[in-house]
Each structure stands twice: as C-alpha cells, then as structure tokens.
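Data block below; observations after.
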Amino acid sequence: MSPQDERSTGFEEQARAVLAESVTRIDSRIRSRLNQARQAAIAEVSRPSRRPRLLLMPAAGAVVAAVLVAMVLWQHRPDSALPGNDGGGQMVAAEDLDLIADTDGLDMLQDSDGTFYEWAAGQADAGAETST
Amino acid sequence: MSGFATLAPPYSMPSASHDDADLSTSIAQARSRALNGFLAGIELKAFKIAQAALRHEDDALDAVQDAMLQLARAYSDRPAEEWKPLFYRILENRIRDMQRRRTVRGRVLAWLPFRSDDDEDDVDPIAQAPSDEPSPSRKLEIEEAMQALDKALDTLPRRQQQAFMLRTLEGMDVAQTAVAMGCSEGSVKTHYFRALQTLRAQLGDFQT
C-alpha cells in the first residue's frame, strides 16, 4: 500500500469515527420523531391489504352491469312493447303474413271484371232492407 | 371401539382455511418485526445523511419519514437484503425533490451545524459517573472535528457527498451504493474518490 493509500485509509477511518460519533449525539427529540415515523411505517405494513379488494371491484362491477343490462333488455323486449298485448301480437303478425303471402286475392283481382263488387254491393243493400 | 375414536374427521376444510389465515397473519407479523428492526437500525444514519444534504432538521426528518412509509408501502414484501439500497434510493429521490423545491424558493437557510442538546440526552452524566464519557477537552475536539467535516461535506457536489456518506457512514459496499444512487459501480468509485480528494484537501489529516 502506497503512502497515499495509507493516508486515504487513515482519513476514511477518522471520518467514519467522526460521523459515527455525530450519530450517537443525535438528540432525544429527533430520536423520538424518528421512532414515531418508524411506527407509522410499520402500521402501514400491518394494515390489511386492500389490493385484493381493489382487484375484485372491477369484476363485481362488470357482473352488476351485465345483470342490469339483461334486466333492461328483458323489460323492453318487443312482445311487451305493445300495450295490453299479452301474446296476441304474434297472432296479428301471422295474419299479416298470410294476407301478404296469399295469391288467391291477387288472382281474383286480375280475373275480375267488376261483377263481384256489384254482387257484394247488392248483398249489402239487401241486408240493409231486411234489417229495417 | 377405541379404533373408531381415533378416526380423523372426514372434512377438515374450515380448520385448514383457519390455519391459512393464521399463517398469513404470522407471516405479516414477522415481516413487520423484520422491517421494524431494519428501520430502527438505519434511521439515525439516514437522518444524518438527509440532514447533511438538506441542512435542515425538519426537512431531514420529513425525508426520512417519507422514505420509511414508501418502503413499507411498496417494498416491504421484497427480500430484506434489498431494503437498504431501496430505502436509500427512495430517500435520495425525496432529498432531490426537496432540494429542487428549495431552489425554487431560494436558499433561505444557511449552513446550520447539527448540535445535540445535552440537557435532552437520556444519560445524566452525574448519575452515570464514573463513565466512559470523554473529557470536556476531548468532547470539544470531537465537536470541532464534526463541525469541520460537516462544513467540508457541504462543499461537495451532491453525488460526491452521497457516495461518501453511504460508503463511509452507512458502510454500504460499491454495489449497494450503485443501486442506491441509481448509477454504475464505476460512477460510485469515481464520486467517492473525488469526495475523498476534496475532503482531504480541505481538512488535511484532521485528528479526532
């Protein structure tokens, strides 16, 4: 070890001793406050972790939101949208489809020369006379 | 009949979960004890390092307290051997934040050497006599050496001061100091060497 290194080592040892001495002279007020700070930090560790609950919260929220959406969709489904309709809506829709799909009516109109309507009107007039 | 009496209950899940809870509680308590011991072992040195950097007792206390809380919150579940460099890394960040804030508002506080108040010490020198207390002249020498070193430390660049304090006062090795300072080991050696050079140039071979 060179004299320069020896001097550095000696200096380091002296500095270490001085710093160590200064630590021992830290007064009781500072020690007390450091102790309080340490206890606060330890209390932070001892406190039950909230992390798992925080992780569960989004999942629980998603489930609740899905249930709410399902309830809303159930309440506003098409069948129940018609007031006073308890299943009859399906019957009406079926009759409409039958009318549209029925080709007999179209054939009758194409082949007709007006005699049917004249006969129908005569039947209506006759009905009205008999009722009076 | 005695053979039936020795049969274990077929379902023991409730007791098992209870055991798990006890185990986690005991682990948490052991961790708290370990952290308490670690913090108790470093808090005075940490305060001294923060006080050397900030030159203000209350600011140094705040910095150490913040570092303690941050370590407990974020890193208490890390291996205990990692706590020291992590703690000083946090402390250094806190010190830097305070110094930046102080720079903004101007350096109001001048150099204040840390002095202990003997009246507040736990030990009563009269009650403890005879004691190992140094003589008044020796105490005066130590006091002067402390003040001289304190003043010289204040002239160092922050990184040099940090390397010197962590290596000399805290006794951290180069690798730990590098983690605490967030730099390479080579940088630590450079900072430390330059700090030694500057301090020796100012203080000479100061005697204690």
request  = Might you let me know whether segment B:55-73 holds any residue that is without any contact (Cβ under 8 Å) to a residue 60 or more places away in the chain, of a type outside the set (S, T, N, Q), more than 27 Å from B:Asp154 (Cα to Cα) and more than 9 Å from chain A (Cβ to nearest Cβ)?
outcome  = no
task = Working only within segment B:148-177, note down all residues that are over 13 Å from B:Tyr88 (Cα atoms) and touching a residue at least 60 places away in the same chain (Cβ under 8 Å).
result = B:Asp150, B:Leu153, B:Asp154, B:Arg158, B:Gln161
ask   = What are the pairs, 6+ residues apart or on separate chains, where a residue within segment A:15-31 that is touching a residue at least 12 places away in the same chain (Cβ under 8 Å) has its Cβ under 9 Å from a residue that is among the hydrophobic types (A, V, I, L, M, F, W, C) and surrounded by 14 or more Cβ atoms within 10 Å (Cβ to Cβ)?
value = none
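Rundown of residues vs (1) over 52 Å from the mean Cα position of the chain (by Cα); (2) within 18 Å of B:Gly37 (Cα to Cα); (3) modelled with pLDDT under 90, yes/no style:
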position: A:Met1; (1), (2), (3): yes, no, yes
position: A:Phe11; (1), (2), (3): yes, no, yes
position: A:Ala15; (1), (2), (3): yes, no, no
position: A:Ser28; (1), (2), (3): yes, no, no
position: A:Arg33; (1), (2), (3): no, yes, no
position: A:Ile42; (1), (2), (3): no, yes, no
position: A:Ser46; (1), (2), (3): no, yes, yes
position: A:Arg50; (1), (2), (3): no, no, yes
position: A:Leu55; (1), (2), (3): no, no, yes
request  = Report the residue count in segment A:20-36 for those that are within 7 Å of chain B (Cβ to nearest Cβ), surrounded by fewer than 20 Cβ atoms within 10 Å (Cβ to Cβ) and of a type in the set (A, V, I, L, M, F, W, C).
outcome  = 1
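The values are calculated or read from the model by the stated rules, or taken from the named source; none is laboratory data. This one's a predicted model, so the numbers in the text were calculated from it and none came from an experiment. Note that we place each Cβ from the backbone using ideal geometry, even for glycine, and neighbour counts take in every protein chain shown.
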